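Beneath this line is the structure, given in C-alpha cells, with notes to follow.
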Amino acid sequence: MMMMMLNPRTIPFFRRPLPALTILAALLAAAPACYGQSAPQPQTAPQVAPGPPITAQTAAGDPPARVGRLAQMNGTVSFHTADADQWSPASLNYPVTSGNALWTEPGARAMLQIGSGSRLVMDGGTELDIATLDDSTLAASVPQGSVYLQVDSLVAGERYTIRTPRGDLDVTARGRYVVAAGDDDHPTTATVLEGAAKIGDHAVPAGQTASLSGPLDSADPAQITLAAARPDAFTQSVLAAEDRPAPTPSTAAAPPPAAALPQQVSGMTGAQDLAAVGTWSTAPDYGNVWYPPVSAGWVPYRDGHWAWVAPWGWTWVADEPWGFAPFHYGRWVVIHDRWAWSPGLHVDVRYGRPRPVYAPALVVFFGGGASIGVLTSDVGWVPLGWHEAYYPPYRVSRTYIRNVNITHVTNITRVTNVSTVNRATINRYHNVAGATVVNRTVMRDARPVQHSVTQVSRQQYANLHPNRQPAIRPAAVQAIHATAPGPRIQPRSQSQAEVRRPSAQIAPQSRSQPQAHLPQQKPPQGHDHMSRPRQSAAQPAVQADITRQQDSRRQQDARMQQHEAARREDEQRVARESDQRRQQDIRLRQQRDTMQHQEQQRRAQQQATQQQDSQRRDSQHRSRQSDNKERAPDPPE
C-alpha cells in the first residue's frame with residue numbers, strides 16, 4: 001500500500017536519487033493512511049470513533065429512546081431492577097426504565113418525570129412496578145398505595161396504563177389522574193381530575209371517581225361505581241405543590257400547555273427543570289444554549305457517580321438537581337470561558353426526526369485498561385463537543401446512530417456509514433480541557449467522582465486513544481448499597497400478571513350513596529406488607545399470560561447474554577488491534593532507528609572518503625610541484 005502511494009514513476013521528485021532519511025520521512029508521512037485514518041489536522045474535531053458493529057437499518061433491537069427519571073425524593077425511597085432480589089436506596093436523577101420498581105416508605109414521597117412534561121408522583125407506602133417504559137408506552141402496576149399521574153400530551157400510538165389489584169386504568173386523553181390501589185378493606189379508586197380514561201370497556205369522564213370493589217383474590221370481575229371526584233389529602237398536597245386549584249366537575253377540562261421551552265428540548269426527560277434554573281440564551285453556530293447555575297471551576301460529568309444500567313451499560317448519575325437532560329442529551333460547549341449546554345439545532349421534519357434519543361452519557365472514554373501507552377489503572381472521559389459524534393457502546397442500528405447524532409453532527413451520512421476505527425488521540429477533542437480521570441475502582445464501586453479526580457498532563461492526552469467503554473465490570477449491588485426497606489420482591493412475571501383480572505362490571509350509580517375518593521390504607525405496624533405475598537387469580541388465561549411473560553423474560557435474558565458476548569468480542573478485537581498497532585509502531589521506530597544509524601554510517605563513510613580524496617589530491621599536488629621543480633632547467637651562470 002505504501003509503495004502504491006509513493007510510486008517513483010508518478011512523482012517527478014523521485015526521479016533523482018534521494019537520501020535514506022528523505023525516503024523515511026515520506027514513508028512516515030504516509031503511515032497514517034495505512035491504518036485507516038488521515039493525518040491529524042489542527043483544530044479539527046474527530047468525526048469517527050470506536051464503535052460496535054452497526055446492524056441493519058432497523059430499530060427493532062434498539063434500546064428505548066425515552067426513559068423516566070427519579071426527579072424528587074422526600075423520605076426513604078427504595079429501588080430495584082428486574083433482576084435484583086433486594087431493595088436498594090434510590091438515587092436522584094437515576095434513569096427509570098422497563099423492569100424497574102420503586103417503593104416509598106410511609107410518610108415519604110417520590111416523583112418520576114417521563115419526557116419533557118409527564119410525571120408520576122408516589123404517595124407514602126406506595127409500590128410502583130414498571131412493566132414497560134419505552135418510546136410509546138408506560139405500563140405500571142400499583143399493588144399498594146396511591147399515585148398521581150400527569151400526562152402532558154397523548155399522540156396516536158401512545159399508551160399510559162396504571163394497573164391495580166382490581167383493574168387497569170387506561171388513559172385516553174392528556175390530563176391528571178389519581179389511582180389508589182386499596183386493600184382487602186378498601187376499594188380501588190381511579191379519579192380523573194382532568195382528561196378522560198377507561199377501565200375495561202367503561203369510560204371514566206373528567207371530574208369523576210371510579211370505585212372498584214370486590215375481593216382481591218377473586219376471579220370474578222370487580223364492581224364499578226362512579227361518583228363525583230373528591231380529592232383526598234394526597235391529591236390536594238400535589239395540587240398545592242403545583243399551585244393549581246382542584247377542579248370541580250363543572251370546570252374540569254384539559255390542562256393548559258406547559259411553559260414554552262426551545263423546540264429542540266421537547267420530549268427530553270428532565271428538560272422542564274431547565275425553565276426555572278440557569279439562563280437560556282442564543283449563540284452563533286450553536287443556536288439556543290443554556291448556562292447552568294454553577295461556580296467557577298465547574299466541569300460537566302464530574303459531580304456525580306457512574307452506575308451500570310442495563311441495557312446501556314455505564315450511565316452517568318448527576319448530583320445536580322437539574323442534572324438529567326444536560327448529561328443525557330445534547331452537547332457541552334465553551335462560550336467565552338463559560339460552559340454552556342446546547343440541545344442542538346432544529347432538524348426539519350422532512351428528515352423524519354423522532355423524539356430526542358436518550359443516551360447514558362455523551363462522553364468519549366479513555367483508559368480503563370484499554371487505551372494505549374498510559375492509564376492502565378485509571379479511567380477518564382471527555383464531554384463530547386459540537387460536531388463530535390456519539391457512538392454507543394451497546395449494539396444499535398444505523399437508525400439509532402443517526403437519531404442520536406442528527407442535531408449535532410452535520411455530515412450524518414459519514415457517521416452512519418463508519419466502518420473503520422478512528423485512531424484520533426484525546427487531545428483532538430474540543431472539550432479536552434474538561435477531561436476527568438479517576439481510579440477505575442471509583443467507577444466500579446459507584447463512588448462520587450468529584451473528590452477522586454487524578455491530575456493528568458496535557459502531553460499525556462496526546463498518547464491516549466478513545467475506547468467505546470472502559471473494560472470495567474461493576475461491583476455487585478450488595479457490595480455498593482445497603483439493603484433498603486420495601487415489600488417482598490416477587491418474580492417479575494407473577495407481579496405483572498397478578499393485576500390482570502376479568503373486565504370489571506359497572507354498577508348503577510346511586511344518588512343516595514355517593515362514593516368518595518378514599519385514602520389508601522397505610523401498612524400495618526410491624527411491616528406485615530414485607531412478608532405477605534400477594535395472590536393472583538388462577539385462571540387459564542392468567543396462567544397463559546404468566547407463561548408468555550416468562551418466555552419473553554428468557555428471550556430477553558438470552559439477547560442480553562448475546563449482547564454481552566458480542567461486547568466482550570468487540571473489546572478483545574479492539575485490544576488485539578491496539579496490540580497490533582503498538583507492535584507496528586515499535587517496528588516502525590526500529591526501522592527508523594536502523595535507517596538513521598545507516599544514514600549516519602553513510603555520512604561518516606562519505607566524510608572519510610572526502611578526507612581521503614582531499615589528502616590524495618594534496619599528495620598529487622605536492623608530487624606535481626616536486627616533478628616540476630626537477631624538470632625545470634638550472635638558471636644560467
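Note on exposure: 225, 97 ranked by accessible area (1.4 Å probe, complete protein assembly) read 225, 97, with the most exposed listed first. Rounded to 0.05, the FRET efficiency of the residue 604 and residue 572 pair, given R0 = 56 Å and the Cβ-Cβ distance, is 0.75. Here the calculated FRET efficiency for residue 613 and residue 585, from their Cβ-Cβ distance with R0 = 56 Å, stands at 0.85, rounded to the nearest 0.05. Computed extension gain for residue 294 through residue 334, at 0.36 nm per residue and net of the alpha carbon distance, reaches 13.0 nm. Hey, any idea what % of the stretch 86-160's accessible area is carbon plus sulfur with a 1.4 Å probe? Within the stretch 86-160, the accessible surface is 49 percent carbon and sulfur.
Modelled spin labels at residue 564 and residue 551, positioned 7 Å past Cα toward Cβ, are 2.4 nm from each other. As a rough guide to protection, the peptides 593-605, 74-86 ranked by mean Cβ packing within 10 Å, highest first, stand as 74-86, 593-605. Here the Karplus relation 6.51 cos²θ - 1.76 cosθ + 1.60, evaluated at θ = phi - 60°, turns the backbone of the stretch 455-466 into coupling constants of 7, 10, 6, 5, 5, 5, 4, 5, 9, 10, 10, x Hz, with x for every Gly and Pro.
Quote the FRET efficiency, to the nearest 0.05, computed for residue 489 versus residue 595 with a Förster distance R0 of 51 Å and r equal to the Cβ-Cβ distance.
Result of the calculation: an efficiency of 0.15.
The values are calculated or read from the model by the stated rules, or taken from the named source; none is laboratory data. In this text the structure is predicted, and so the values were computed from the model without any measurement. Methodologically, a virtual Cβ is constructed for each residue, glycine included, from the backbone with ideal geometry; neighbour enumeration extends over all protein chains shown. When the accessible area is computed, the model is the full protein with side chains, heavy atoms only, and any ligands, DNA or RNA have been set aside. Shrake-Rupley method; radii C 1.70, N 1.55, O 1.52, S 1.80 Å.
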